[in-house]
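Reading through the structure tokens given below for one structure.
The values are calculated or read from the model by the stated rules, or taken from the named source; none is laboratory data. Here the structure is a predicted model, which is why all the values come from computation and not from measurement. Please note: Cβ atoms are built from the backbone with ideal geometry, for glycine as well, and neighbour counts cover all protein chains shown. Note: areas computed on protein heavy atoms with side chains; ligands, DNA, RNA excluded. Shrake-Rupley method; radii C 1.70, N 1.55, O 1.52, S 1.80 Å.
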Amino acid sequence: MSFIRCDRGSVTADHQPLAMALGPVKRYMHSAYEVADLDALAAGGEYLREQGYFRSWGIGRHIEGSQIFDYWRDPDGFLVEHYADGDMFDNTWSPVGPRCMPPALYQWGPAPSKDFLGLGSPREVAKRLAVMTDALRHDNEFDLSALRGLFAVANS
């Protein structure tokens, strides 16, 4: 996974206006929206529950970016993240290396749910495995190392 931020020189910017992840298929994973604080995050969660959404993962704190997060899935299956208290960086900060592997996804909070990881029924898991196997047959950046990483996340 790569977090891409806007280079504003000495002016700080959010760590992840755009995040991209390597996977076997091209897809839109989720949108993330910053809220004022933990109170707004929790109140927003209550509102989403009343609207028929269900919590996919959270409330917790990510390591990369350090933000408090809460992921919700809407009735149509779309995933949305609300976050607060994220890190801001200027151009003097340099990446520390790959840390988006379990258990580095979060500092505290519940473990990632099967829903968040995209694991559902045996039929859905078989479908995802077929897609991954097919992706390995093509000349692209998705290789056995990337597949091992995905399985490590799923088994965390």
Check: Considering only the chain, what is the antiparallel percent among its DSSP beta bridges, to the nearest 5?
Finding: 80
Item checked: Amide H contacts under 5 Å for Glu34, placed H, 5+ residues apart -> Tyr83
Next item on the list: Would you mind working out the magnitude of the charge dipole of the chain relative to its Cα centre, with +1 at each Lys and Arg C-beta and -1 at each Asp and Glu C-beta, to the nearest 20 Debye?
Entry: 700
Margin query: Averaged across orientations, what area in nm² does the convex hull of the alpha carbons in the chain project?
Written below: 10.2
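Averaged over all directions, how much area does the convex hull of the C-alpha atoms of the range 29-75 cover when projected, in nm²?
3.4
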Note to self: Per residue of the range 68-85, what does 6.51 cos²θ - 1.76 cosθ + 1.60 with θ = phi - 60° give for ³J(HN,Hα)? Whole Hz please, x for Gly and Pro, Karplus curve as stated.
What the structure shows: 6, 10, 7, 9, 10, 10, 7, x, 8, x, 7, 9, 10, 10, 10, 9, 8, 6
Notebook entry, point to check: Measuring from label point to label point, each 7 Å out along Cα→Cβ, what is the Glu34 to Ile4 span in nm?
Noted result: 1.9
Notebook entry, point to check: How much area per residue is accessible in the chain when the probe is 1.4 Å and only protein heavy atoms are counted (Å²)?
Noted result: 63
Next item on the list: Determine the calculated [θ] at 222 nm for the chain from helices alone, applying -39500 (n - 2.57) to every DSSP H run no shorter than 4 residues and normalising by the residue count; nearest 500 deg cm²/dmol.
Entry: -8500 deg cm²/dmol
